[in-house]
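Okay, so here's the structure we're looking at.
The values are calculated or read from the model by the stated rules, or taken from the named source; none is laboratory data. Computed from a predicted model, the values in this text were never measured in an experiment. Positions of Cβ are generated from backbone atoms using ideal geometry, with glycine treated the same way; all protein chains shown enter the neighbour counts.
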Amino acid sequence: MLTIYGPKSRFCDGVSRRNFLKIGALGLGGLALPQLLQAEAKSGVRRSHKSVIMIFLPGGPSHQDMFDLKVDAPSEIRGEFKPIRTNVSGIQICEHLPRLAKHMEKCAIIRSMVGATGDHYAFQCMTGRPHQNQPAGGWPCIGSVLSKLEGPVNKYVPPFVGLAPKMGHMPWADAGTPGFLGIGHAPFKPSGAGKDDMVLNGVTLDRLADRKALLSSFDGYRRDVDASGLMSGLDAFNEQAFGIMTSSKLMEALDIEKEDRKVRESYGKGDPKNRDDGGPKLMEQFLMARRLVEAGARCVTLAFSRWDHHGDNFGALRQDLPLLDQGLSALLQDLYQRGLDKDVSVVVWGEFGRTPTINKDGGRDHWPRVSCALLAGGGMKTGHVIGATDRLGGEAVERPVQFGEVFATLYHNLGIDVAKVTVPDFSGRPQYLVDNGIQPMRELVNA
C-alpha cells in the first residue's frame with residue numbers, strides 16, 4: 001500500500017489531506033503503475049478521445065422489474081411494480097425509474113441478452129466472454145484492451161480506471177483484469193469513493209521533492225517483490241508514476257468537491273455501507289466517472305449496490321431503483337450538456353437476469369437464460385428497444401443478443417474494427433477482441 005503524507009493541513013496543489021487516492025490494489029506492492037506506463041509507451045497510434053463508462057449491477061438485476069415489465073402475466077410472475085410511459089412513444093419502464101423515463105430518447109434498451117454463464121462474477125460483463133476455455137493468462141477486459149491499443153490521452157491520467165469498491169463477494173468488485181495483456185494494463189483502482197489513502201511509507205510531500213528518497217522507497221519494494229529483476233530499468237516510468245500520483249489533473253478528476261454544487265446535488269447521495277456480500281451505493285461514482293473520462297480516461301468501470309434479491313425483491317428495489325434512476329439520469333444529462341454524448345459510450349448491466357416466478361420469500365432467483373442491458377451515448381442510435389421476451393419474461397423470442405455483440409458495438413464506437421484488430425497473447429499469437437464472426441449491432445451503429 002502506498003500512501004503519501006501531505007503537510008499538516010493541505011497538499012501543495014491546495015487539495016486537503018482528506019482528498020487522497022488509494023492505489024494499493026494495483027498489485028506487485030503498489031508498483032504496477034510504472035509498468036502500466038511502460039506498456040502505454042509502447043502502444044500504437046493515438047486516436048481521438050473516445051471512452052466507455054461501464055456500470056455493473058452486481059448480483060443480477062431483475063429485468064422484468066426494470067425494463068421488461070409483464071403486466072399481463074399472472075401475479076406470481078408480474079410482481080408489484082407498474083410500468084410508466086417514457087418520452088419515447090411505445091416504450092414503458094418501471095414506475096421507480098421516472099427520471100430515466102424522461103431521458104429515454106438518449107437510451108437503447110436490450111430486453112433479450114442471452115449467453116450468461118450463471119456465475120456470480122463481473123468477468124463476462126467486463127470481457128464479453130465466459131470464464132471457460134480461456135487462453136493462458138486469461139481474456140483481457142475492455143479497459144485493458146484500450147490501454148494496450150490506445151494508451152493514455154494525458155500522461156498524468158491512467159487510460160483505465162476501476163472504481164469498484166471492496167465487497168463481501170469480491171468477484172462482484174472486479175473492475176476488470178488485464179489477462180494475457182499483463183499487469184501493465186491493469187486498472188488504476190482508487191478505493192471506494194476515491195479518497196482513501198495514498199501513502200509512500202514515511203515520505204512526506206516535502207521529501208518527495210528529493211527523487212532519491214522516492215526511488216529509495218521504491219527499491220525496498222523491488223527487493224521484496226521482484227528478485228528476478230523484472231522491474232529493472234523502470235526509473236523513467238517510476239518518475240512518471242510519481243507524476244501521476246502527485247498530479248493535480250488526476251487529483252481534481254477524483255475530487256468531486258471541485259464540481260459545481262448544483263451538479264453534485266443532481267447526482268444525489270447514496271449509502272457508503274456495504275450491504276451483505278454486495279457493495280455500497282456510491283452515487284458520487286457516477287459523477288466521478290464523468291470527470292475521469294473528461295480528464296482523459298478511456299475506460300471507467302464502476303459497480304453499484306447489490307441486486308441478488310432472493311428475498312424481498314421488491315422492498316430492495318424500492319430502495320435501489322430510485323438511486324440508480326437519479327445517478328444514471330444525472331450522468332446522461334451531464335454528458336449531453338457537455339457535448340460528450342458522441343464520444344462517451346455508457347453501458348449498464350449485470351451478470352444475468354432473475355426468474356420469472358417469484359419465490360416463497362418474495363424474491364427472484366438466478367436466471368441466466370435472459371437478461372437486460374441499457375446503452376447510451378457513443379453516437380449510437382437510441383430511443384428504441386432491441387429484442388423481446390415471452391409473456392413470462394423467461395425466454396428471448398426476438399433478436400437474442402450475445403454479450404460479445406455489445407462489446408463489438410462498444411469497440412466500434414471507439415473506432416476499433418473488431419474484424420481486423422487483434423492483441424497478442426502470451427505466446428505472441430494474435431487474438432481478436434470478440435469471438436470470431438461477431439459484429440457490431442446494426443440496431444445501434446450508424447452506417
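Hey, among the residues in the stretch 430-447 that are among the polar types (S, T, N, Q) and in a loop (DSSP other than H, G, I, E, B), which one's farthest from P140 (Cα to Cα)?
From the stretch 430-447, those among the polar types (S, T, N, Q) are 431, 436, 439, 446; that's our starting set.
From the residues that got through so far, the ones that are in a loop (DSSP other than H, G, I, E, B) too are 436, 439, 446.
Details: N436: 16, Q439: 19, N446: 27 Å.
Per the stated criteria, the residue is N446.
So is I91 buried (at least 24 other Cβ atoms within 10 Å of the Cβ) and of a type in the set (V, I, T) or not?
Working: buried (at least 24 other Cβ atoms within 10 Å of the Cβ): no; of a type in the set (V, I, T): yes.
The answer is no for I91.
Look through R391, R399 and report the one residue that is of a type in the set (K, R), in contact with a strand residue (DSSP E or B) (Cβ under 8 Å, 6 or more places away or on another chain), under 22 Å from R111 (Cβ atoms) and touching a residue at least 12 places away in the same chain (Cβ under 8 Å). Break it down stepwise before answering.
Working: R391 fails: in contact with a strand residue (DSSP E or B) (Cβ under 8 Å, 6 or more places away or on another chain).
Testing whether each residue is of a type in the set (K, R), in contact with a strand residue (DSSP E or B) (Cβ under 8 Å, 6 or more places away or on another chain), under 22 Å from R111 (Cβ atoms) and touching a residue at least 12 places away in the same chain (Cβ under 8 Å) leaves just R399.
What do you reckon, is A376 closer than 24 Å to L69 by Cα, in contact with a Lys or Arg (Cβ under 7 Å, 6 or more places away or on another chain), among the small types (G, A, S) and not in a loop (DSSP other than H, G, I, E, B)? Show your work before the answer.
Values: closer than 24 Å to L69 by Cα: yes; in contact with a Lys or Arg (Cβ under 7 Å, 6 or more places away or on another chain): yes; among the small types (G, A, S): yes; not in a loop (DSSP other than H, G, I, E, B): yes.
Answer is yes for this residue.
Suppose we keep only residues that are surrounded by 18 or more Cβ atoms within 10 Å (Cβ to Cβ) and under 28 Å from the mean Cα position of the chain (by Cα) within the stretch 222-245. Which one would you say is modelled with the highest pLDDT? Explain how you work it out, then say what you get.
Here is the first cut: in the stretch 222-245, the residues surrounded by 18 or more Cβ atoms within 10 Å (Cβ to Cβ) are 222, 231, 234, 237-238, 240-242, 244-245.
Right, trim to under 28 Å from the mean Cα position of the chain (by Cα) and you get 237-238, 240-242, 244-245.
Working: F237: 49, N238: 57, Q240: 52, A241: 61, F242: 62, I244: 65, M245: 62.
By that ranking, first place goes to I244.
Which pairs have Cβ atoms under 6 Å, sit 6 or more apart or on different chains, and link a residue in the stretch 262-275 that is under 17 Å from D334 (Cβ atoms) to one that is among the polar types (S, T, N, Q) and buried (at least 16 other Cβ atoms within 10 Å of the Cβ)?
The qualifying pairs are G268/Q326.
Report, by residue number, each residue of the stretch 143-174 that is of a type in the set (V, I, T), in contact with a Phe, Trp or Tyr (Cβ under 7 Å, 6 or more places away or on another chain) and in a helix (DSSP H, G or I). Walk me through how you get there before you give the answer.
So in the stretch 143-174, the residues of a type in the set (V, I, T) come out as 145, 153, 157, 161.
Add one more test, that the residue is in contact with a Phe, Trp or Tyr (Cβ under 7 Å, 6 or more places away or on another chain), and what stays is 161.
Residues satisfying the conditions do not exist here.
Looking at (1) within 13 Å of the chain's Cα centre (by Cα); (2) among the small types (G, A, S); (3) more than 27 Å from G268 (Cα to Cα), which is the only condition A173 fails?
Evaluating A173 over (1) within 13 Å of the chain's Cα centre (by Cα); (2) among the small types (G, A, S); (3) more than 27 Å from G268 (Cα to Cα) leaves (3) as the failure.
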